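Participant: Handing you this structure, nothing more for now.
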Amino acid sequence: VDRVDTFEDDENYYYRIIDYKTGEKKFRLDDVLDGLNLQMLLYLLAIKENKNALTNKKIVPSALLYYPALLKESMASRSLKPSEKNATILEKLKMNGIVNKDKKVLDLLGSDDLGDYVAVTTRGKLNEEKLFGMDNLELLFDNIKETLKRIGDSIISGDIKVNPLGERIDACAYCKFNSICKFDSKIDKKRKPLNYKNSEVFKMLEGDIDA
């Protein structure tokens with residue numbers, strides 16, 4: 001885990017996971033349904049499952065965020081005022097991910113000022129697509145546990161079929177084993193990643209929508 005921030009009151013132990021990224025990375029829950037990008041949620045789950053090593057209080061996962069550790073150069077008009085340039089830079093420095101929508105958590109994270117450093121607001125209001133409830137999170141954790149079991153069973157059974165994802169998630173882009181798998185992008189078809197809003201993913205996990 002790159003960073004864990006914690007806060008305690010008389011009854012609760014709040015924690016948030018922050019992962020530093022040198023490239024652009026947007027948190028998408030539909031990746032989780034594809035069995036991808038489980039890292040951050042696994043951190044959140046691991047701490048929750050081992051809470052007795054940290055506290056006897058009720059443990060409250062509060063946020064899961066990517067922090068931009070590197071800003072790339074970008075084109076801008078010379079006519080921009082210094083304040084406008086600064087606003088552009090601050091916008092790119094905002095963390096992105098999902099935040100617990102419990103009012104106490106939002107207050108602890110900054111409430112009215114939260115949108116200044118975390119990309120969770122749209123037109124000044126909290127964006128529901130960037131929020132989660134504890135019931136949502138428990139469903140995600142259950143899904144991840146099942147995914148890990150499925151992956152483990154697949155590995156043990158010797159399943160090594162070549163079946164990469166494509167489009168916005170190009171599994172072959174930086175792979176060094178093309179000479180082994182012999183996958184040919186010009187001939188072979190890649191799987192399409194799922195494309196759902198976070199709210200739709202939660203509804204799927206609740207059984208309200210079929211994937």
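Participant: Mind checking whether some residue in the stretch 105-126 is open to solvent by less than 40 Å² (accessible area, probe 1.4 Å), touching a strand residue (DSSP E or B) at 6+ places or on another chain (Cβ under 6 Å) and either without any contact (Cβ under 8 Å) to a residue 12 or more places away in the chain or part of a helix (DSSP H, G or I) (or both)?
Facilitator: Yes: one or more hits.
Participant: If only one of Tyr13, Tyr67 is farther than 25 Å from Asn198 by Cβ and touching a strand residue (DSSP E or B) at 6+ places or on another chain (Cβ under 6 Å), which one is it? Please lay out each step first, then the result.
Facilitator: On the way: Tyr67 fails: farther than 25 Å from Asn198 by Cβ.
Being farther than 25 Å from Asn198 by Cβ and touching a strand residue (DSSP E or B) at 6+ places or on another chain (Cβ under 6 Å) holds for just one of Tyr13, Tyr67, which is Tyr13.
Participant: Still on this structure, I have one more. Only one of (1) closer than 26 Å to Ile59 by Cβ; (2) at pLDDT below 90 fails for Phe202. Which number is that?
Facilitator: With respect to (1) closer than 26 Å to Ile59 by Cβ; (2) at pLDDT below 90, Phe202 is out only on (2).
Participant: With respect to Ser157, determine if the residue is farther than 18 Å from Leu33 by Cβ and modelled with pLDDT of 90 or more.
Facilitator: Considered against the rule, which asks whether it is farther than 18 Å from Leu33 by Cβ and modelled with pLDDT of 90 or more, Ser157 comes out as yes.
Participant: Please go through the stretch 29-76 and give me each residue that is out of contact with any helix residue (DSSP H, G or I) (no Cβ under 9 Å at 6 or more places or on another chain) and polar (S, T, N, Q), ordered by number.
Facilitator: Gln39, Asn50, Asn52, Thr55, Asn56
Participant: I would also like to ask the following. Taking interchain pairs and intrachain pairs at least six residues apart, which have beta carbon atoms under 7 angstrom, with the first residue in the stretch 167-194 and closer than 11 Å to Asp34 by Cβ and the second of a type in the set (S, T, N, Q) and part of a loop (DSSP other than H, G, I, E, B)?
Facilitator: Between residues of the stretch 167-194 that are closer than 11 Å to Asp34 by Cβ and residues that are of a type in the set (S, T, N, Q) and part of a loop (DSSP other than H, G, I, E, B), the close pairs are Arg191/Asn163.
Participant: List pairs: first in the stretch 21-38 and under 18 Å from Ala171 (Cβ atoms) and part of a helix (DSSP H, G or I), second open to solvent by 40 Å² or more (accessible area, probe 1.4 Å) and of a type in the set (Ser, Thr, Tyr), Cβ under 6 Å, 6+ apart or cross-chain?
Facilitator: Qualifying pairs under 6 Å: Asp30/Tyr196.
Conditions tested, residue by residue: (1) more than 27 Å from the chain's Cα centre (by Cα); (2) within 27 Å of Pro61 (Cβ to Cβ); (3) open to solvent by less than 80 Å² (accessible area, probe 1.4 Å).
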residue: Phe132; (1), (2), (3): no, yes, yes
residue: Ile155; (1), (2), (3): no, no, no
residue: Ala173; (1), (2), (3): no, no, yes
residue: Phe183; (1), (2), (3): yes, no, yes
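One line per residue, one yes/no per condition, for (1) outside any helix (DSSP H, G or I); (2) out of contact with any Pro (no Cβ under 7 Å at 6 or more places or on another chain); (3) open to solvent by less than 70 Å² (accessible area, probe 1.4 Å); (4) farther than 21 Å from Tyr20 by Cα:
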residue	(1), (2), (3), (4)
Glu91	no, yes, no, no
Asn96	yes, yes, yes, no
Leu140	no, yes, yes, yes
Lys149	no, yes, no, yes
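Participant: Can you go through Tyr13, Tyr67, Tyr43 and tell me which one is within 21 Å of Phe141 (Cβ to Cβ), part of a strand (DSSP E or B) and open to solvent by less than 90 Å² (accessible area, probe 1.4 Å)?
Facilitator: Exactly one of Tyr13, Tyr67, Tyr43 is within 21 Å of Phe141 (Cβ to Cβ), part of a strand (DSSP E or B) and open to solvent by less than 90 Å² (accessible area, probe 1.4 Å), namely Tyr13.
The values are calculated or read from the model by the stated rules, or taken from the named source; none is laboratory data. Note that the structure is a prediction, hence the values are computed from the model and not measured. We place every Cβ from the backbone using ideal geometry, glycine too, and count neighbours over all the protein chains shown. Keep in mind that these areas ignore ligands, DNA and RNA; they rest on the heavy atoms of the full protein, side chains included. Shrake-Rupley method; radii C 1.70, N 1.55, O 1.52, S 1.80 Å.
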